[in-house]
Amino acid sequence: MKLKKVAAAGSVVFLSALALAACGNKSADSSKQVFNFSETGELPGMDLSKATDTISFTNLANTMEGLYRIGKDSKIEPGVAKKTEVSNGGKTYTFYLRKSKWSNGDPVTAKDFVYSWRRTLDPKTASQYSYLFDGVQNANDIIEGKKAPDTLGIKAEGDYKLVVNLEKPIPYFKLLMGFPVFFPQNQKAVDKFGSKYATASDKLYYNGPFKLTGWTGSNLSWKLQKNNSYWDKKNVHLDSVNYQVNKSGNTRYNKYKQGSVDYITLETDQAKNLKNNADYHLMKESTLAYLEFNEQASNPTVKKALSNKKIRQALSMAINRDQYVKTSAFGSQAAPGIVPDGLAVRNGKDFNSNIKGTGVTSDAKEAKKLWKEGLAEIGEKKLTLNLLGDDTDAAKKSGDFMQSNWETTLPGLKVNVQNVPFKTRLARASSGDFDVVLTLWGDDFADPISTLDLFTSDNSHNDGKWKNSEYDSLIKASKTTDANDPAKRWDDLQKAQKILLEDQAVAPIYQRRTPYLVKSKVKGLIINSVGVTYNFKNVQIK
């Protein structure tokens, strides 16, 4: 997910809301089934056709449900589909749906999936995640406006039978079905609420374990309340997940100590001091932070500079990644490449085994040399760059670190750090309103294509507008001519990553490992390293 799924650096956190149950009250046991969740950024939106970030996807995955759910260790679990048949050499999936309901009482039917997929792929929707449908019959032609949405390879045969036709086998297809962009949507809600659809909690219907309440579209607190219309409500133990946005690490920790917070992620200094605490844990993630350079920046000088390979390399090499993770991302590791370590392994070798530091080397001396040569090539002696990031404590520290490394190492460079609300940063990055932006990407499924797809010339997440025809060809081959040959496909993707790193299309910084504290009374919380991070369905407070 770009955390476009992009999340704020330092990312997701849980926090408390409300009052404790009164002792001796008969409802006390019920009222204790509250999970208090502190978030570091605003909830940008709940339109699953348009969502791009980890906060939205976490809320969608817990209030909506697709053909499958993603459970522990990112394995699929039963969702709306109760039975699946695969035929035609892996190119036809037939899903038999259970009887379930939307929160307004409407039945969830196969037609809701057909409508949702068509809406997402319709060019008018401008979904940044439409590319994930690549391989579904006619999907790419629909995205490009060459065919109508109703030609998509998905059809409802009655209310409870859904058939999906693919143009080629997709090895990770079932995992995709647990990702929110493939969930159903209630057309009645879309039509009823119009332009306000999914902009507030009362402007959509839900079919998942919880319902969103109290969200106005811009406020800093909301709830996920148990959905009594959910088909498996007997296995949903929580009455409520209470969200509150707190951007200060000190505030979060104080609330945890006071007992009003059940789970918090920690800032670096806190983690160092609390690593021996019984509540301390380290979340391993397939989430990677990187700098994206805007090669189409509105300022002509900046555009010229960031289109220069040596300048991009200098900016990357000037960052001391090992020092960064020690001071600003405790528990994390310096970036191995643009694809996270541990995401994919073949024949006992990690996907990153062929790059050996390419594009992620820290070398101040070489950075100075490349910087001087790059400035000479573009006819400049100095340069001013704006670095865009979130307004959380962690993101501010990250920006300060980058600014210090760059201005100290690269003569003539002035850096202005711009910290803005998470939602604003997403919008500015997507619209190209930045010079350099610090981005986090969390993979949506356990395959390198989940990351490498982002940097093809026409991908909507390619905010820096980097282009390389050989890279595009290799990614295309991995999806088409080599899709059924695991060895060739692996080779295509490894070559593609190497091209991207050698050209310094982006500057990978660190792979996130998030330290956190969780109360021992919280049982059943699923935290995954790939896809939607948090699954609240089976959480109990004991």
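The values are calculated or read from the model by the stated rules, or taken from the named source; none is laboratory data. Just so we're clear, the structure is a prediction, and the values are computed from it rather than from any experiment. Glycine also receives a Cβ, built like all others from the backbone with ideal geometry; neighbour counts cover every protein chain displayed. Heavy atoms of the whole protein, side chains included, go into the accessibility calculation; ligands, DNA and RNA do not. Shrake-Rupley method; radii C 1.70, N 1.55, O 1.52, S 1.80 Å.
Here are the numbers for this structure:
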| read-out | value |
| --- | --- |
| Close pairs (7 angstrom Cβ cut-off, 6 or more residues apart or separate chains): assigned by the TED database to the domain that holds Ala507 and under 14 Å from Ala429 (Cβ atoms) in region 455-475, surrounded by fewer than 22 Cβ atoms within 10 Å (Cβ to Cβ) and among the β-branched types (Val, Ile, Thr) anywhere | Asn462/Thr456 |
| Options Lys369, Lys382, Lys414; residue that is in contact with a strand residue (DSSP E or B) (Cβ under 6 Å, 6 or more places away or on another chain), at pLDDT 95 or above and surrounded by fewer than 16 Cβ atoms within 10 Å (Cβ to Cβ) | Lys414 |
| Residue in region 291-303 that is open to solvent by less than 10 Å² (accessible area, probe 1.4 Å), outside any loop (DSSP other than H, G, I, E, B) and outside the structural domain of Gln504 (by the TED database) present | no |
| Top-ranked residue in region 59-90 [being assigned to a helix (DSSP H, G or I) and modelled with pLDDT under 95; ranked as farthest from Trp222 (Cα to Cα)] | Gly89 |
| Candidates Thr52, Thr58, Thr120, Thr63 - the one that is under 22 Å from Ser201 (Cβ atoms), touching a His at 6+ places or on another chain (Cβ under 8 Å) and in contact (Cβ under 8 Å) with a residue 60 or more places away in the chain | Thr52 |
| Of residues in region 432-473 being assigned to a helix (DSSP H, G or I) and over 18 Å from the mean Cα position of the chain (by Cα), the one surrounded by the most Cβ atoms within 10 Å (Cβ to Cβ) | Tyr471 |
| Elements of type helices (runs of 4 or more DSSP H) in region 134-244, at least 3 residues being assigned by the TED database to the domain that holds Ala483 and closer than 19 Å to Ser116 by Cβ | none |
| Qualifying residues in region 149-191 (those that are more than 15 Å from Thr84 (Cα to Cα) and polar (S, T, N, Q)) - the one surrounded by the most Cβ atoms within 10 Å (Cβ to Cβ) | Gln185 |
| Condition check for Thr424: assigned to a helix (DSSP H, G or I), polar (S, T, N, Q) and either within 21 Å of His461 (Cα to Cα) or more than 28 Å from the chain's Cα centre (by Cα) (or both) | yes |
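Residue by residue, here is whether (1) in contact (Cβ under 8 Å) with a residue 40 or more places away in the chain; (2) polar (S, T, N, Q); (3) under 20 Å from Lys476 (Cα atoms) holds:
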position	(1), (2), (3)
Ile70	yes, no, no
Lys82	no, no, no
Leu97	yes, no, no
Val114	yes, no, no
Lys124	no, no, no
Tyr129	yes, no, yes
Leu132	yes, no, yes
Ile142	no, no, yes
